[in-house]
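Contents: one structure, followed by commentary.
The values are calculated or read from the model by the stated rules, or taken from the named source; none is laboratory data. Keep in mind that this is a model prediction, so the values were computed, not measured. With ideal geometry, Cβ positions are generated from the backbone for all residues, glycine too; neighbour counts draw on all protein chains shown.
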Amino acid sequence: MLSPRDFVLESEPMHEDSTNKPPNLLEHLDEALPVVRRARLGIVLDFDGTISELAPTPDESRISAESAEALERLVRKVTLVAVVSGRAASDLSEKVGLENVVYVGSHGAEFLADGVRRVSPEAAEYSGRIAAVLDGLRSAADAPGIYWENKGLSAAIHFRSSPDPDGVRDSLAEALGSVPGVDELGMFWGKRVLELRAPVGGNKGDALRKLALDHALDSAIFVGDDTTDIDALEAMRGLNEGAALRGLGVAVVSDDSPDGLCEAADYTLDGVPEVGSFLRWIDGAIG
C-alpha cells in the first residue's frame, strides 16, 4: 500500500506507454471463444468508465444502453454476472437495475445478491475514521467543482468538474500530509478522483477470487478501466496461471489510463461503447 508521502510526490496523472498496450479484443474475438463457451462462465465488470461513461458527478452516471441490453440477456445464460465498484453496493444495484446480478461495492467490502447484503466486519469498523479524514481533507482543500462523497465503507473525492483539476490534485496531495488519521487508511488516485477506504476488507482482486470460488467458475472475464481495477486484472492472471480457471483480463483504455493498467491486462477495449459491443458479441457467441 502506498503511503501519503507517495501521493505528495506525485503531481501529474500517469499514462500508459503505448508500446505496452495489449491488442484490441474486438480484433481477436476468436481467441475469446474458448473462454466464453465454457460451462460455468463468469462476467465481472467495473461500472464507471467501463459500462458507464464517466460523468461530472457519480449521481449523473448511467449504464450504457448497449451494455444494459446485453447484460439483461446474459444473466439468463451464464453462471455469474457481477459488477464490482468503489460505489456502495446499493447504489450499483440502482444504477444497473438488473436482478440476478451480484453487486460488489466499496472495492470488495460488501456483497449484495438476491436482496441480501454482506459486509466485511473489519472494513465496517473504519467508517468513522473514513468520515473524519474526509472532513479533514474538505476543510483543508475544498474548492469549486469538487464532489465529496462519503459512501460509509469508503469515500471518494471527485474533481472532474473542477476548472483546475491539477491544482486540486496538488492541494489534496499536500493535505494528505497533514490531516490526522490519513496513515490509518488506504488511499488511491484514479481518474480525477481520490479514494479513501479501510486498509482491510479486501480489494477487487480479492473479490474476483471469491466470486470465482463461490460460483465454481471454470472461466471468467474481468473488464475495468482504473487504478483499483489493476488488482482484479492481476488476480485474473494469477487464476489463469494457476489453472484455477480460464480467464481474460480486459483493460478499457483512454487518454488518461493509469500506469500499470495495460501491463496487467491481456487485451484492451477502447472506451465504453466497445465494452457494450463485446458484451453483445458474448451474447451471440453463447447462442
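Miscellaneous remarks
- Cβ-Cβ under 7 Å pairs, at least 6 apart or on other chains, the stretch 185-196 side closer than 17 Å to residue 153 by Cα, far side among the basic types (Lys, Arg) and assigned to a strand (DSSP E or B): 185/197; 186/197
- Each residue in the stretch 61-76 was checked for being under 17 Å from the mean Cα position of the chain (by Cα) and either surrounded by fewer than 18 Cβ atoms within 10 Å (Cβ to Cβ) or within 23 Å of residue 193 (Cα to Cα) (or both), and 4 of them qualify.
- Of the candidates 207, 285, the single residue that is surrounded by fewer than 22 Cβ atoms within 10 Å (Cβ to Cβ) and farther than 30 Å from residue 139 by Cα is 285.
- Residues of the stretch 42-56 classified as assigned to a loop (DSSP other than H, G, I, E, B) and under 11 Å from the mean Cα position of the chain (by Cα), total: 5
- Test: residue in the stretch 217-229 that is surrounded by 21 or more Cβ atoms within 10 Å (Cβ to Cβ), over 18 Å from residue 22 (Cα atoms), out of contact with any His (no Cβ under 7 Å at 6 or more places or on another chain) and not aliphatic (A, V, I, L, M): yes
- Pick from the stretch 77-121, criterion surrounded by fewer than 24 Cβ atoms within 10 Å (Cβ to Cβ) and of a type in the set (Asp, Glu), ranking: nearest to residue 285 (Cα to Cα): 99
- Contact map, the stretch 241-263: first residue outside the structural domain of residue 220 (by TED's automatic domain parsing), second residue assigned to a helix (DSSP H, G or I) and among the aliphatic types (A, V, I, L, M), Cβ cut-off under 7 Å, separation 6 or more or different chains; the map is empty.
- Listed by position, the strands (runs of 3 or more DSSP E) inside the stretch 215-287 whose residues that are among the aromatic types (Phe, Trp, Tyr) and closer than 24 Å to residue 68 by Cα number at least 1 are 219-224, 267-270.
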